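One structure below.
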Amino acid sequence: MKAYVFPGQGAQFTGMGKELYENSAVAKELFEKANEILNFRITDIMFEGTAEELKETKVTQPAVFLHSVILAKTLDIKPDMVAGHSLGEFSALVANGTLSFEDGLKLVSQRALAMQKACEITPSTMAAVLNLDDKIVEDICASIDGVVVAANYNCPGQLVISGELKAVEEACEKMKEAGAKRALILPVGGAFHSPMMEPAREELAAAIEATTFNVPSCPVYQNVTASAVSDAGEIKKNLITQLTAPVKWTQSVQQMIADGAISFTEVGPGKVLVGLVNKINKEVETISA
C-alpha cells in the first residue's frame, strides 16, 4: 500500500513552487486562485521573497500547504492512506478529498493568523531534544513549574518540547543534565501544540465547524490519534484538538506500516518527513516527490 505524507511549517524555501507554476497550466491556475483567496500575491513571496518574509506564520503555512497540494494535483496521486505533520494534515485532507482546495486554503490561512495572535499573548517557544528517552522528556516537562509539554514525537530520539519561554529554557537545562545529546531552542514564533495555543484552538474550531468535510477517498492518520480515521466528524474534532495536542508522528508512521504501508512518498517542499520515516523504519521505501 502507498502512503503519501505532507510536511509542515519549517519546510519552506525561497523559490518553492516556481517550477510548478511555470511548467503546469493546472498549477498556475491554482496558484492564481490562491492569490485571489488570500487577497495578496503569496506567489511573489514564495518565488522571490526573502527567508525572513517566508518565515512569517501568515505566509509560511499557506505557502507550504499550496506547494504540497498543487504538487499532489499535478502528480494526480492515488493514495491508499495519507498523513501530514502538523500543518501538513490539512494538505493530506485535500489530497484524500475530505476538503476542497479552496476550503483547505481558507482554513490554513485562518489557522496561521489565529496561531500568530496566540503567540503574541505570552513569550513562548519550542526546543528540540535529541537522544533522550521519551519518558524522561515527559517526566522532566512535568517537573517544571510553568507550561512546558512534549509537542512533536518526530522519530525515536527526536522530540520537540513546547511552552512558556522560561519553562522551556529550564527544561532544556534539565534535559542536558539527564544526558540529552542536545536541547536546542528552535527559531519559531511560539509554543505550537501546547496549551498556549488554546485561544487559537477556539478561533479555529468555529471555522472548522462551519466548513464542509466530505467522505475521504482513503483514511487519514491524524496527529492526535496516530490512527486511521475516515469519519468526517471525527476528522474535524481531531483537527481542532491538534493545535493544543502533541503531534504523534512516530506513532502514526508505525501504525501506517502495521496497516500495510510499504512505501512513503513525501509531497511538498523539503525532505524532512522522508528522513524521519527512514529513522522510524529502515525497511520501507521512501520517495520524495
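The values are calculated or read from the model by the stated rules, or taken from the named source; none is laboratory data. Remember, it's a predicted structure, so these values are computed and weren't measured experimentally. Cβ: placed from backbone, ideal geometry, glycine included. Neighbour counts: every protein chain shown. For accessibility, only protein heavy atoms count, side chains too; no ligands or nucleic acids. Shrake-Rupley method; radii C 1.70, N 1.55, O 1.52, S 1.80 Å.
Checked against the criterion of being more than 24 Å from A232 (Cβ to Cβ) and among the β-branched types (V, I, T), segment 73-90 contains one or more residues that satisfy it.
Among the residues making up segment 231-250, those that are farther than 19 Å from S91 by Cβ, out of contact with any His (no Cβ under 6 Å at 6 or more places or on another chain) and open to solvent by less than 60 Å² (accessible area, probe 1.4 Å) are G233, T244, T250.
Being modelled with pLDDT of 95 or more and over 25 Å from Q12 (Cα atoms) is a property that holds for K237.
Give A167, A83, A180 a once-over and let me know the one that is under 17 Å from the mean Cα position of the chain (by Cα), among the aliphatic types (A, V, I, L, M) and farther than 21 Å from V59 by Cβ. Just a single option satisfies the conditions, and that option is A83. Scanning segment 39-53 for residues that are in a helix (DSSP H, G or I) and surrounded by 19 or more Cβ atoms within 10 Å (Cβ to Cβ) gives I42, T43, I45, M46.
Of all the listed residues (V272, V253, V188), the sole one being open to solvent by less than 50 Å² (accessible area, probe 1.4 Å) and either within 18 Å of the chain's Cα centre (by Cα) or free of Cβ contacts under 8 Å to residues at least 60 places away in the same chain (or both) is V253. Selection of first residues in segment 139-165 that are at pLDDT 95 or above and of second residues that are open to solvent by less than 10 Å² (accessible area, probe 1.4 Å) and assigned to a loop (DSSP other than H, G, I, E, B), restricted to Cβ pairs under 6 Å at least 6 apart or on distinct chains, gives the following pairs, ordered by first then second residue: V149/S194; A151/H193; A151/S194; S162/A191; S162/H193; S162/S194; G163/A191; G163/S194. Just a yes or no: is a residue in segment 276-283 open to solvent by 60 Å² or more (accessible area, probe 1.4 Å), under 20 Å from S91 (Cα atoms) and either in contact (Cβ under 8 Å) with a residue 24 or more places away in the chain or under 19 Å from the mean Cα position of the chain (by Cα) (or both)? Checked segment 276-283: no residue is open to solvent by 60 Å² or more (accessible area, probe 1.4 Å), under 20 Å from S91 (Cα atoms) and either in contact (Cβ under 8 Å) with a residue 24 or more places away in the chain or under 19 Å from the mean Cα position of the chain (by Cα) (or both). For segment 199-210, the condition holds for at least one residue, the condition being that it is at negative phi and either assigned to a loop (DSSP other than H, G, I, E, B) or under 14 Å from the mean Cα position of the chain (by Cα) (or both). Quick check: is even one residue across segment 83-90 in a loop (DSSP other than H, G, I, E, B) and not aliphatic (A, V, I, L, M)? Yes: segment 83-90 contains one or more residues that are in a loop (DSSP other than H, G, I, E, B) and not aliphatic (A, V, I, L, M). When V277 is tested against (1) in a loop (DSSP other than H, G, I, E, B); (2) farther than 23 Å from I121 by Cβ, only condition (1) is not met.
Taking segment 233-268 as the range and being in a loop (DSSP other than H, G, I, E, B) and either among the charged types (D, E, K, R) or out of contact with any Gly (no Cβ under 8 Å at 6 or more places or on another chain) (or both) as the test, the residues that pass are Q242, L243, T244, A245, P246, K248, D259, G260, A261, I262, V267.
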